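Note sheet for the following structure.
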Amino acid sequence: MLRFRPILIAAVLAVPAPFAAYAQTSGAEASAAPASTVTSGKITAVPFRAGTILSAEIGKQKPAFDVESVFDKPAIENPAWIELIVKLDNGRTLSRFDYEIVGKIGTYPCFAVAEGADGYSVDPEKWIIKKSSPLRYYRLLFPVKQDEIAAAKKELLPVTLKVKLYDTTLAPASFQVRVMPEGRNFTRVSSVRPEGICNMTYHEAFESGN
C-alpha cells in the first residue's frame with residue numbers, strides 16, 4: 001500500500017497538465033460543440049465537452065475488469081454502476097480524473113475508462129487515453145449508490161456530467177440514464193447505434209423496433 005500511494009499521487013498531479021490548454025474556453029469552442037441527435041422526439045446523442053455521449057446506463061451488474069487492486073477501489077460499498085459510451089472529438093483525450101456525475105442522491109467521480117470493448121483496469125497505464133480516434137467509442141465507469149436506481153422515474157434517471165478538474169464556461173451535459181433490467185449487463189459497444197441511444201428506456205432502445 002505504501003508503494004502504491006506515491007504512484008497514485010504522482011499520476012493525479014500529472015493529469016491536469018494535458019488539459020491546461022482547454023481550461024480557458026472561448027466562445028468559438030462553445031459554438032463548435034457537436035449538435036444533438038433527435039430520434040422519435042428524444043435527444044439520443046448528447047454533446048459534452050470532449051465529444052458526444054451515445055449511451056448512458058445504470059445497473060447492478062459489475063462490468064469486467066482486467067486489473068483490480070485492493071488499494072484502488074470504489075469508496076462506495078456494493079455500488080451500482082453508471083456506464084457512458086462516448087465518441088470523442090478529434091484530438092481529445094480522456095482520463096478517469098476528468099469527470100463526475102451528479103445524480104439524485106449524490107455526486108460520483110469517474111472510476112475507470114476503457115477503449116472499445118476492452119475490460120476496465122486500475123493499472124496506472126490505463127488511467128488516461130492519450131491517443132483517441134473519432135472512429136472509435138470509449139467508455140466511462142462511475143460507481144454510484146444503489147439508491148440512485150430507486151430514484152429513477154419511468155426507468156430513467158436524470159443526471160449531469162460535469163468537468164471535475166477545473167472550471168469551464170461550458171455548460172455541463174444533462175441527460176437521462178437508462179435503468180438496466182435486473183440481471184442484465186451493460187449494452188455492448190457494438191450494439192450502440194451511430195445516432196445514439198441516450199435518454200431511452202431499455203424497451204425504447206432495444207424492444208420497440210427502433
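The values are calculated or read from the model by the stated rules, or taken from the named source; none is laboratory data. Predicted model, so just to flag it, every value in this text is computed and none were measured. Note that each Cβ is placed from the backbone with ideal geometry, even for glycine, and that neighbours are counted across all protein chains shown. Side chains included, ligands, DNA and RNA excluded: accessible areas come from the protein's heavy atoms. Shrake-Rupley method; radii C 1.70, N 1.55, O 1.52, S 1.80 Å.
Structure summary
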quantity: Among the candidates ASP118, ASP98, ASP66, ASP147, residue that is closer than 20 Å to PHE175 by Cβ, touching a residue at least 12 places away in the same chain (Cβ under 8 Å) and open to solvent by 60 Å² or more (accessible area, probe 1.4 Å); calculated: ASP147
quantity: Residue ID - nearest to ILE101 (Cα to Cα), chosen from residues in the stretch 195-209 that are at pLDDT below 95 and open to solvent by 60 Å² or more (accessible area, probe 1.4 Å); calculated: PHE206
quantity: Whichever residue in the stretch 150-164 is free of Cβ contacts under 8 Å to residues at least 60 places away in the same chain and not in a loop (DSSP other than H, G, I, E, B) and, among such residues, is least open to solvent (accessible area, probe 1.4 Å); calculated: LEU156
quantity: In the stretch 157-210, the residues that are of a type outside the set (A, V, I, L, M), in contact with a helix residue (DSSP H, G or I) (Cβ under 7 Å, 6 or more places away or on another chain) and under 16 Å from GLY41 (Cα atoms); calculated: ASN210
quantity: Yes/no for LYS153 being basic (Lys, Arg), more than 17 Å from the chain's Cα centre (by Cα) and on the phi < 0 side of the Ramachandran plot; calculated: yes
quantity: Residue in the stretch 78-94 that is in a loop (DSSP other than H, G, I, E, B), hydrophobic (A, V, I, L, M, F, W, C) and open to solvent by less than 70 Å² (accessible area, probe 1.4 Å) present; calculated: no
quantity: All positions within the stretch 82-124 that are small (Gly, Ala, Ser) and modelled with pLDDT of 95 or more; calculated: SER95, GLY103, GLY106, ALA112, ALA114, GLY116, ALA117, GLY119, SER121
quantity: The stretch 125-146, residues that are out of contact with any helix residue (DSSP H, G or I) (no Cβ under 8 Å at 6 or more places or on another chain), closer than 14 Å to THR52 by Cβ and not in a loop (DSSP other than H, G, I, E, B); calculated: TYR138, LEU140
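Residues are listed down the side, and each one gets a yes or a no for (1) under 23 Å from ASN199 (Cβ atoms); (2) among the small types (Gly, Ala, Ser):
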| residue | (1), (2) |
| --- | --- |
| TYR99 | yes, no |
| GLY103 | yes, yes |
| GLY106 | yes, yes |
| LYS145 | yes, no |
| ALA152 | yes, yes |
| THR169 | no, no |
| ARG178 | yes, no |
